[in-house]
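Structure record follows, encoded as structure tokens.
Read-outs: derived from the displayed coordinates by stated rules, not from any lab. In this text the structure is predicted, and so the values were computed from the model without any measurement. Don't worry about glycine lacking a Cβ; one is built from the backbone with ideal geometry, like all the others, and counts go over all protein chains shown.
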Protein chains: 2
Amino acid sequence: LHELCGLETPALLLDRDVLDRNVARVRDRTRQLGVELRPHTKTAKSIDVVRRVLDERARGITVSVLKEAEYFFEQGVRDMVYAVGIAPCKLPHIVSLIRRGVELTVVVDSMAAARLLAEAATAARTKVPVLIELDVDAHRCGVSPGSPLLLELGHELARSPAVELHGVLTHAGESYHCRSIDAIREMAERERAGAVAAAKRLRAVGLPAPVVSIGSTPTLLFAEQLAGATEVRAGVYMFNDLFMVGLGICGIEDVAISVLVSVIGHQPRRGWIITDGGWAALSKDRGTSTQSKDQGYGLVCDALGQPLPEDLIVASLNQEHGIIRQREDKPMDVMRLPVGTLLRILPNHACATAGQFDGYHVVVGTPPAVVDFWPRVNGWI
Amino acid sequence: LHELCGLETPALLLDRDVLDRNVARVRDRTRQLGVELRPHTKTAKSIDVVRRVLDERARGITVSVLKEAEYFFEQGVRDMVYAVGIAPCKLPHIVSLIRRGVELTVVVDSMAAARLLAEAATAARTKVPVLIELDVDAHRCGVSPGSPLLLELGHELARSPAVELHGVLTHAGESYHCRSIDAIREMAERERAGAVAAAKRLRAVGLPAPVVSIGSTPTLLFAEQLAGATEVRAGVYMFNDLFMVGLGICGIEDVAISVLVSVIGHQPRRGWIITDGGWAALSKDRGTSTQSKDQGYGLVCDALGQPLPEDLIVASLNQEHGIIRQREDKPMDVMRLPVGTLLRILPNHACATAGQFDGYHVVVGTPPAVVDFWPRVNGWI
């Protein structure tokens with residue numbers, strides 16, 4: 001506690017022991033399932049976090065923006081999948097990364113993107129590895145595993161000597177909206193089966209598909225088997241968050257990050273405690289609003305990380321102000337938490353909240369000792 | 001258009017002509033109302049923007065975090081109000097800024113904060129200017145203008161030679177939730193009258209209150225008169241946003257910032273256009289969801305900044321993906337906007353969206369020429 005007092009609030013805390021436990025859990029799962037892990041770095045955006053994940057079964061990473069690719073390459077990671085469909089304006093950046101030695105695999109899900117990629121790769125005299133992005137759950141992007149477009153795309157990519165078809169990739173994003181562990185398990189099977197079927201169709205017409213890349217934190221944790229998949233991608237599991245707690249995949253004690261805030265005032269008659277943790281710190285993510293337990297903009301813990309007995313949530317946010325009250329909006333003795341009290345807010349969505357900060361104050365033990373600061377790489381260019 | 005093609009998406013654009021028009025509008029209003037302007041820099045966080053606002057009637061600024069104070073001081077601005085209640089952990093930083101020559105005024109709304117401030121100022125042998133924060137609309141912080149606490153606080157602050165009471169400050173944040181211009185006008189009067197009454201009460205007992213600081217963009221634009229107020233604070237007016245459009249205080253053409261995104265894919269049967277502008281770029285602000293026209297996560301314009309005839313909004317967001325569809329979710333020819341098409345998304349909330357970026361690509365004219373890059377100061381320390 002004493003050490004947290006040396007920080008200016010709001011500050012992002014990362015509990016290293018919880019991180020390591022979360023990392024070990026997924027490492028055990030991938031061993032058990034017999035797949036490689038390709039951690040998604042979009043949540044942590046930190047080499048210090050990702051170094052704790054990489055090992056002989058997790059040699060490459062998944063990135064969401066090219067700035068992450070630059071950063072992790074500079075930190076010694078070479079093998080990466082850029083898992084967002086290519087915008088043509090980024091093609092020069094992509095080919096320049098590949099020429100610098102990044103083993104950067106891209107994804108395509110349209111003939112237009114495939115042709116633009118082949119043209120850019122040809123012009124730059126590089127060879128770009130590519131995966132066909134699949135849609136297994138009507139979530140967002142991708143081609144249907146059973147569609148004619150899958151094979152058209154495969155042939156189009158195989159035609160160009162400047163691209164190298166490596167297989168297929170999918171992400172069952174709808175697993176985030178499952179209402180039960182059984183539903184997640186079914187979604188995991190749908191993700192696996194769709195990707196494996198698509199790879200088989202490609203191979204059946206003589207196209208190469210050695211890579212079958214699938215994954216999300218929920219489907220990885222509850223899949224019964226992943227036969228045919230070669231690698232799984234997951235990222236949020238490193239930190240977890242209230243949304244994952246609401247999905248039933250972890251407990252409150254497994255959430256590794258929190259935002260340290262200070263009490264700056266009170267409105268006793270309204271039962272409000274005002275803090276300096278606004279949306280600039282927490283983000284405006286309201287993911288848990290669609291779950292059975294709505295956590296507002298975050299669950300309030302004491303400086304040791306324990307939820308307060310009054311069951312407090314962050315009820316509303318302005319840019320640099322947070323208003324805390326009881327979940328049920330009952331009157332409480334707000335003066336029990338005087339001006340200057342340090343509180344820790346558990347976030348709805350780890351990716352969104354962590355993205356509001358330049359880095360992590362790494363804490364260990366109880367009372368927490370601040371042992372390090374791990375910077376993040378935010379932004380796009 | 002050609003010049004925008006040189007940017008990697010997502011990118012934050014700032015139309016300099018619209019900015020200058022917005023700045024002139026508020027400058028005219030403050031002249032007409034006979035008050036000084038103290039622009040709030042929490043929206044723009046850029047000296048290049050704020051230099052266009054400062055003049056002989058707007059010599060100081062309002063900041064929301066101490067990092068803004070540091071940055072603007074380094075850029076030559078000395079006079080500033082830090083308009084967020086003090087967290088005790090920030091007191092050493094505050095006194096160090098004052099010792100370096102920042103004319104930094106702070107706000108307090110509790111005896112606890114007043115005492116902690118006086119102790120820190122005394123220990124540091126500095127003199128800290130302070131305003132008492134008022135609550136005129138049950139929005140967030142502050143003491144009621146008619147409360148006994150106002151005078152208690154005044155006497156407490158006057159007692160310490162290390163603090164210097166300058167007056168009162170309030171912000172009618174509830175003006176953002178008004179349903180009509182008349183309601184905003186009433187709120188403006190409530191803000192003015194409450195602050196003036198509080199200053200009078202302080203003066204009546206012999207306490208100094210030369211400063212009566214009020215303001216928000218809506219109340220400033222629609223106040224009938226501001227007699228007794230010495231300065232107004234407003235920030236979002238520099239850029240405007242869809243929330244301000246929904247409030248009726250400006251038009252779509254007055255929104256100065258937009259996020260440039262690329263089309264990266266389609267789901268033709270669902271009527272979806274996929275872009276690379278996710279919540280990491282747009283923020284998750286859903287402010288317009290409570291207004292009569294819900295703009296989703298943003299209104300879609302072409303690369304010239306004109307809303308598209310199909311009335312498209314950003315319907316959902318993932319971290320680096322945005323899904324665009326018609327507002328009424330009707331089928332449309334999504335292939336009309338092929339992969340690589342550049343679109344500009346007008347944001348719900350300028351402060352939140354701008355906060356996701358390191359700076360502004362400044363554009364002028366039609367087709368837009370990119371004439372500059374203006375960096376932002378984000379974060380806290």
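Of B:Gly34, A:Trp374, B:Val136, which is farthest on the positive side of the dipole of the protein assembly as shown, counting Cα position, with +1 on Lys and Arg Cβ, -1 on Asp and Glu Cβ, and the Cα centre as origin? Of B:Gly34, A:Trp374, B:Val136, it is A:Trp374. Counting neighbouring beta carbons within 10 Å and listing from fewest to most, the residues B:Leu260, B:Leu91 come out as B:Leu91, B:Leu260. Full extension of the segment from B:His155 to B:Gln306, taken as 0.36 nm per residue of separation minus the current Cα-Cα distance, would add 48.8 nm. Note on the protein assembly as shown: Cα convex hull, mean projected area over all directions, 30.7 nm². Model label sites at B:Phe373 and B:Gln75, defined 7 Å from Cα along the beta-carbon direction, differ in position by 1.7 nm. Straight-line cross-link partners of B:Lys200 among the lysines, defined as a Cα under 30 Å from its Cα and at least 8 positions apart when in the same chain: B:Lys42, B:Lys127. Lys and Arg at +1, Asp and Glu at -1: add these up for the other residues within a Cβ distance under 11 Å of A:Gly246 and post the number. So the surrounding residues net to 0. Measuring from each Cβ of chain A to the axis that turns chain A onto chain B, the shortest distance belongs to A:Lys284, 2 (residue, then whole Å).
Ordered by the number of other Cβ atoms lying within 10 Å of each residue's own Cβ, fewest first, B:His40, A:His321, B:His349 fall into the sequence A:His321, B:His349, B:His40.
Sorted shortest first, the distances from the A:Arg336 label point to those of the same residue in the other copies are 5.9 nm; each point sits 7 Å from Cα along Cα-to-Cβ. In nanometres and ascending order, the distances from the B:Pro367 label point to those of the other copies are 6.2 (point 7 Å from Cα along Cα→Cβ).
Counting neighbouring Cβ atoms within 10 Å and putting the fewest first, the residues B:Tyr82, A:Tyr71 line up as A:Tyr71, B:Tyr82. For B:Arg51, the label point sits 7 Å beyond Cα toward Cβ; its separations from the matching points on the remaining copies run 4.1 nm, from shortest to longest.
Computed from the Kirkwood radius of its Cα pairs, the Stokes-Einstein diffusion coefficient for the stretch A:186-330 at 10 °C and 1.306 mPa s stands at 89 µm²/s.
Each principal axis of chain B carries a Cα extent, and these read 71, 42, 34 Å when sorted largest first. Using the Cβ-Cβ distance between A:Glu328 and B:Ser144 with R0 set to 30 Å, the FRET efficiency from 1/(1 + (r/R0)^6) comes to roughly 0.70. For the stretch B:213-260, place one equal point scatterer on every Cα, skip the solvent, and apply the Debye formula. What is log10 of I(q)/I(0) at q = 0.28, 0.32 Å⁻¹? So the normalised log intensities work out to -1.03, -1.20.
Taken over the stretch B:44-153, the alpha-carbon convex hull comes to 120 cubic angstrom per residue. For the residues of B:65-72, the average number of beta carbons from a partner chain within 10 Å of their own beta carbon is 1. Of all DSSP-defined beta bridges confined to chain A, some 50% are antiparallel rather than parallel.
The value of relative contact order for chain A, using C-alpha pairs under 8 Å at least six residues apart, is 20 percent.
Per-residue ellipticity at 222 nm, computed for chain A from helices alone with -39500 (n - 2.57) per DSSP H run of at least four residues, works out to -8500 deg cm²/dmol.
For the pair A:Thr366 and A:Lys200, the difference between a 0.36 nm per residue extended length and the Cα-Cα distance amounts to 54.6 nm.
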